[in-house]
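What follows is a single structure, written as structure tokens, with notes after it.
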Amino acid sequence: MGLTFYAALPAAAVLGAYLALRQAGAPTYITLPVLHSSLVGLCAAVAAHPRVNYTGLFGKGSAGSMPWWSYVAFFPYLLTLRSYVQLRRLKSEEPVFTEVEPGLFVGGWPALQRDVPPGLHGVIDCTCELPRNACLEEVPYLCVSTWDTRGPRPEAIESAVRWALRQREEKHPVLVHCAFGHGRSVTIMCAILVTLGVCDTWQSAETYIKLSRPGARLNKGQKKSLAEWTAMYAINREKELTPRT
């Protein structure tokens, strides 16, 4: 079902509440915010649909910041999302980040300094809905803008892999994060582990990551993204590295 379903369902319910309030003669200062919340949710549902996949809805730039108008226009969605992330984190015993291989971390959205691995010198942000916070301002940064429950495009995966490899050549620790460190970030990390030769396939890389972060779980779309990345880049890279006889 994915994010489109989970965004559209409450948006439709809120739209129903708006219609009921309007029919009951509720004043505009009550009905208008309700309508706004519904329309914002529907916009997110459409933008996140696989056939649309428009990650620029909230205006998040390559540096990870969001413009002021985004917070004004989409505050019902963004506020609800941030509240959900923080509440779920408070209730969970899972660490915000996990070191899956020396110098390689996968994790959730860093909101505070304690959410950042010590000595971090590289961040790959896989979200389009959460901003880069002050705790990451001085850290080299790459944004791979992806909707929750979706898989990054193969070319975006390859770009992230090459960026991570450059950081690792300098022995710099790298964090790959999404909202919770379960799907989008794991997709990128699987490709990194395969390229580094830690794992032979993305399937074995997912299993490897689960050993240290059991909550990691790729969905069908994310597995498809990795399969496409493998066909487009990983296999060709392997052929280039194979000695000719």
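Quick note: the coordinates plus some simple rules give every number you see, no bench work behind them. From a predicted model like this one, the values you see are computed outputs, not experimental measurements. Cβ placement follows ideal geometry from the backbone for every residue including glycine, while neighbour counts extend to all protein chains displayed.
Couple of notes before you dig in:
- Distance between the C-alpha centres of the range 37-71 and the range 134-179: 20 Å, rounded to the whole angstrom.
- Amide H partners (placed H, <5 Å) of residue 143, local residues excluded: 125
- Convex hull of the chain built on C-alpha atoms - directionally averaged projected area, nm²: 14.7 nm²
- When you work out D = kT/(6 pi eta Rh) for the range 7-126 at 10 °C and 1.306 mPa s, using the Kirkwood radius from C-alpha pairs as Rh and the Stokes-Einstein form, the result is 93 µm²/s.
- A DSSP coil position with no more than 11 other Cβ atoms inside 10 Å describes the following GluC sites (Glu not before Pro) in the range 58-152: 93, 137, 138.
- Taking Cα atoms only, the orientation of helix 202-212 departs from the longest principal axis of the chain by about 80 degrees.
- Using the Cβ-Cβ distance between residue 171 and residue 227 with R0 = 35 Å, the FRET efficiency computed as 1/(1 + (r/R0)^6) comes to roughly 0.65.
- Tilt relative to the chain, helix 2-23 - C-alpha long axis, 0 to 90 degrees, to 10: 10 degrees
- Whether the range 93-145 is rounded, prolate or oblate, judged on the alpha carbon gyration tensor where a/c under 1.5 counts as rounded: rounded
- The string of couplings for the range 170-185 from the Karplus curve (6.51, -1.76, 1.60, θ = phi - 60°) is 8, 6, 8, x, 10, 10, 10, 10, 10, 6, 10, x, 10, x, 4, 5 Hz, one whole number per residue in order, with x for Gly and Pro.
- Across the range 60-69, computed HN-Hα scalar couplings (Karplus, 6.51 cos²θ - 1.76 cosθ + 1.60, θ = phi - 60°) run 5, x, 5, 8, x, 8, 10, x, 4, 5 Hz from first to last residue, x flagging Gly and Pro.
- At most 16 other Cβ within 10 Å, DSSP loop - GluC sites (Glu not before Pro), the range 155-191: 170
- Principal semi-axes in Å for the range 94-181 [√(5λ), Cα gyration tensor, largest first]: 17, 16, 12
- Sparse packing (at most 11 other Cβ atoms within 10 Å of the Cβ) combined with a DSSP loop state is found for the following trypsin sites (Lys or Arg not before Pro) in the range 143-245: 171, 244.
- Degrees between helix 28-48 axis and first principal axis of the chain (Cα, 0 to 90, nearest 10): 30 degrees
- When each of 171/210; 60/210; 171/224; 171/220; 91/171 is checked by Cα-Cα distance, pairs over 28 Å: 60/210; 171/224; 171/220; 91/171
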